[in-house]
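Chemist: The structure under discussion is supplied below as structure tokens; questions concerning it will follow.
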Amino acid sequence: MPANHAVRRRWAAASVAAAAAVAAVVAISVSNGASASEVALPPVHGGFDYQIGGAYTPPKGVDIVSRDRKDSPADGLYNICYVNAFQVQPGERDQWPDDLLLRDANGDLVIDEDWNEPLLDIRTAKKRERVADKVNGWIDGCADKGFDAVEPDNYDSYERSQKLLTTTHAREFIALLSKHAHAQGLAIAQKNTAALLPDRKAAGLDFAVVEECGEYDECEQFAKAYDDHVVAVEYGEKGFAKACDGWGDRLSVVLRDRDVSTDDSEDYVRETC
């Protein structure tokens, strides 16, 4: 994970009105070659909780929750399934073929040093297809569990690739995931990466999960691109205040601690606008 986006990692029933909003189905025309799919988008300005660090009972007022793919969705809410799509989770390196791990000219692994995560090699169409096969298996698991959407993380890994990966590689890879997610009836989120907002339709992306858009003055860009279908996480009081002041009446904004702790942790922080 990049330093400029500090943490991107990782059952109460909703109100009748929120449930109706969640159930609203929006037709998405997929421009990456997939047939048109009908997927449900998260309700605009719904209460949000970011639980990728571990699942717990959502607080009152939550309509949307994001959880790791290994967890189960929350009953009665709009559920987003987190997958680390462009990098390898710590402890999972041996689950990937060696030739799908990105290496530099010296043969050394290219590592996201902040999180000790090797980058995946998506430079060729064949490798993108092989990586997508594995990630799409996780997406199938999200669908089987009953999630409504998927959140593929590290879309911006090209920024940490020593210039070995490009924006084109990233867009073409996530388009494979979008096509598959739509076929499974899942919406798919753009995670951060404001620089690739102009590519969102070609990439088949439906809404956004954004970290620190208040801190980095990106909320307006994402709100405009996705017609306010944006869930925003802040990790600092300053960014949270800016997001709330400018966008708290339009976007789903939450303040979380940087480790995205569970509610039984002494480090747990959660506030809303």
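The values are calculated or read from the model by the stated rules, or taken from the named source; none is laboratory data. Every value quoted in this text rests on a predicted model; they were computed, and no experiment measured them. For neighbour counting, all protein chains shown are included, and Cβ atoms are generated from backbone atoms with ideal geometry for every residue, glycine included. Ligands, DNA and RNA are stripped out before the accessible areas are found, and what is left, the full protein with its side chains, is counted by its heavy atoms. Shrake-Rupley method; radii C 1.70, N 1.55, O 1.52, S 1.80 Å.
Chemist: When only the heavy atoms of the protein chains count and the probe is 1.4 Å, how do LYS191, LYS242 rank by accessible area, highest first? If you can, show how the numbers build up before the last one.
Modeler: Working: LYS191 0, LYS242 75 Å².
Final ranking, largest accessible area leading: LYS242, LYS191.
Chemist: Let me ask something additional. How are the Cα pair distances of segment 118-179 distributed, in percent, across 5 Å bins from 0?
Modeler: Taking every Cα pair in segment 118-179, the percentages come to 4, 18, 29, 24, 14, 8, 3, 0.
Chemist: Probe radius 1.4 Å, ligands and nucleic acids ignored: give me the carbon and sulfur share of the accessible area of the chain as a rounded percent.
Modeler: Answer for the chain: carbon and sulfur cover 47 percent of the accessible area.
Chemist: If I take R0 = 41 Å and measure r between the Cβ atoms of LEU100 and THR262 in this structure, what FRET efficiency does the formula 1/(1 + (r/R0)^6) give, to the nearest 0.05?
Modeler: Numbers: r = 32 Å, r/R0 = 0.78.
The pair LEU100/THR262 has a calculated efficiency of 0.80.
Chemist: Over the Cα atoms of segment 153-220, how large are the radius of gyration and the largest Cα-Cα distance (Dmax), in Å?
Modeler: Cα-based Rg and Dmax for segment 153-220 come out at 12.2, 36 Å.
Chemist: Related question: Would you work out the charge dipole size for segment 117-253 about its Cα centre, treating the Cβ of every Lys and Arg as +1 and the Cβ of every Asp and Glu as -1, and quote it to the nearest 20 debye?
Modeler: Values: 18 positive and 26 negative charges, 168 e Å.
About 800 debye.
Chemist: Using the per-residue mean of other Cβ atoms lying within 10 Å as a proxy for protection, in what order, highest first, do the peptides 121-128, 80-87, 94-101 fall? Walk me through the numbers before you get to the answer.
Modeler: Details: 121-128: 17.1, 80-87: 26.6, 94-101: 12.0.
Per-residue mean Cβ counts within 10 Å order the peptides as 80-87, 121-128, 94-101.
Chemist: Quick one: net charge around VAL39, please, counting Lys, Arg +1 and Asp, Glu -1 for every other residue with C-beta under 14 Å from its C-beta. Present the calculation step by step, with values, prior to reporting the outcome.
Modeler: Details: positive: LYS179; negative: GLU38, ASP148, GLU151, ASP206.
After counting each charged neighbour, the total is -3.
Chemist: Hey, how many Å between the Cα centroid of segment 150-192 and the Cα centroid of segment 66-84?
Modeler: Cα centres, segment 150-192 to segment 66-84: 18 Å.
Chemist: A further question on this structure: What is the log10 of I(q)/I(0) for segment 63-157, computed with the Debye formula using one identical point scatterer on each Cα and no solvent, at q = 0.19 Å⁻¹?
Modeler: Log10 of I(q)/I(0), two decimals: -0.90.
Chemist: Let me ask something additional. Only helical DSSP H runs with n ≥ 4 go in: add -39500 (n - 2.57) per run for the chain, normalise by residue count and round the 222 nm mean residue ellipticity to 500 deg cm²/dmol. If you can, show how the numbers build up before the last one.
Modeler: On the way: 6 runs with 68 residues, N = 273.
Mean residue ellipticity at 222 nm (helix-derived): -7500 deg cm²/dmol.
Chemist: Mind jotting down a quarter of the surface of the convex hull over the alpha carbons of segment 177-273, in square nanometres, one decimal?
Modeler: On the way: hull surface 27.5 nm².
Computed as one quarter of the Cα hull surface, the answer is 6.9 nm².
Chemist: Read through the labelled values (i) 1.08; (ii) 0.98; (iii) 0.94 and report the label of the one computed as Rg/Rh (Cα atoms, Kirkwood Rh) from the structure.
Modeler: It is the value labelled (iii).
Chemist: I would also like to ask the following. Taking Cα pairs under 8 Å and at least six residues apart, what relative contact order does segment 144-200 come out at, in percent?
Modeler: On the way: 48 pairs, mean separation 27.6, N = 57.
Over segment 144-200, the number comes to 49 percent.
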